[in-house]
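*Asks:* Take this structure first; my questions come after.
None of the figures in this text is laboratory data; all of them are computed from the coordinates on show. Note that the structure is a prediction, hence the values are computed from the model and not measured. Here the Cβ positions follow ideal geometry from the backbone for every residue, glycine too, while neighbour counts run over all protein chains shown.
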Amino acid sequence: MKCPFCGSNDTKVLESRDTEEFSVTRRRRQCEKCKARFTTYERIELNIRVLKKNGTTQQFEREKLIRGLTKSCEKRPITTEELEIIVSKVEAYIMKKGLKEIKTIKIGSIIMKELKKLDKVAYIRFASVYKDFTDIDSFMEEVNKLTKKD
């Protein structure tokens with residue numbers, strides 16, 4: 001690991017810790033040259049294809065999910081950490097099932113389930129794009145379903 005302070009490749013791991021909710025390993029490191037300390041995070045890179053509604057496939061991209069969630073949650077009291085947890089739940093589902101390909105509809109349903117518990121406004125924003133409402137009536141039907149459960 002290259003030191004972000006001096007660029008030396010001579011660093012050592014002081015401490016490692018697995019963080020269960022993120023499926024990430026946190027490592028506290030120290031540069032042998034400049035003695036600076038820094039933290040790195042290791043995450044398994046999924047080699048999964050995503051089957052889109054139009055029949056095309058593309059590589060699974062964690063960052064793309066984070067960007068979409070960030071837009072849905074704009075100006076809402078939701079932290080970046082909470083969004084990371086939602087995406088980690090999608091990844092955990094993929095790993096648990098041993099999938100090589102996943103449909104966008106399944107990714108969307110996992111995300112919507114988590115958003116519904118977290119913030120109903122963010123849920124509706126995400127649903128409006130994900131479900132591709134064609135008119136105001138279908139949008140209002142979703143809002144009514146959401147309010148009836150409260």
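*Asks:* With point charges of +1 on the Cβ of Lys and Arg and -1 on the Cβ of Asp and Glu, referenced to the Cα centre of the chain, which listed residue (98, 48, 4) lies farthest in the positive direction of the dipole?
*Replies:* Sorting the options by dipole projection puts first 4.
*Asks:* Of 71/145; 75/117; 71/96; 53/75, which ones are farther than 25 Å apart at the Cα?
*Replies:* 71/96; 53/75
*Asks:* Ok, one more. By the 4.7 Å beta carbon criterion, which cysteine residues of the chain come out unpaired?
*Replies:* By the Cβ distance rule, which asks for a partner under 4.7 Å, the isolated cysteines are 73.
*Asks:* Let me make sure I get this right: for the range 103-150, a, b and c are the square roots of the gyration tensor eigenvalues over alpha carbons, sorted descending. Under 1.5 in a/c it's rounded, otherwise prolate if a/b > b/c, else oblate. Which is it? Mind showing how you got there, number by number?
*Replies:* On the way: a/c = 2.08, a/b = 1.12, b/c = 1.86.
It is oblate, given that a/c is not under 1.5 and a/b is not larger than b/c.
*Asks:* Build a GNM of the chain with springs between Cα atoms under 10 Å: which of 51, 115, 14 gets the top mean-square fluctuation?
*Replies:* Per the Cα network of the chain with a 10 Å cutoff, 14 tops the list.
*Asks:* Mind checking the angle between helix 104-118 and the chain's longest principal axis? C-alpha axes, 0 to 90 degrees, to the nearest 10.
*Replies:* Helix 104-118 sits roughly 90 degrees off the main axis of the chain.
*Asks:* Here is a follow-up. With angles folded into 0 to 90 degrees, how steeply does helix 120-130 sit against the dominant principal axis of the chain? Use alpha carbons for both and round to 10.
*Replies:* With rounding to tens, the tilt is 80 degrees.
*Asks:* Compute the Rg to Rh ratio over the chain from the alpha carbon atoms, using the Kirkwood formula for Rh, and round to two decimal places. Numbers along the way, then the final one.
*Replies:* Details: Rg = 19.5 Å, Rh = 17.8 Å.
Ratio of gyration radius to Kirkwood radius for the chain: 1.09.
*Asks:* Using unit Cβ charges (K, R positive; D, E negative) and no other charged atoms, how large, in debye to the nearest 20, is the dipole of the range 42-141 about its Cα centre?
*Replies:* Numbers: 22 positive and 16 negative charges, 56 e Å.
Value, rounded to 20: 260 debye.
*Asks:* Take the chain, connect every pair of alpha-carbon atoms lying under 10 Å apart with a spring to form a Gaussian network, then pick out the residue of 105, 78, 136 with the largest mean-square fluctuation.
*Replies:* Taking springs between Cα atoms under 10 Å, the residue moving most is 136.
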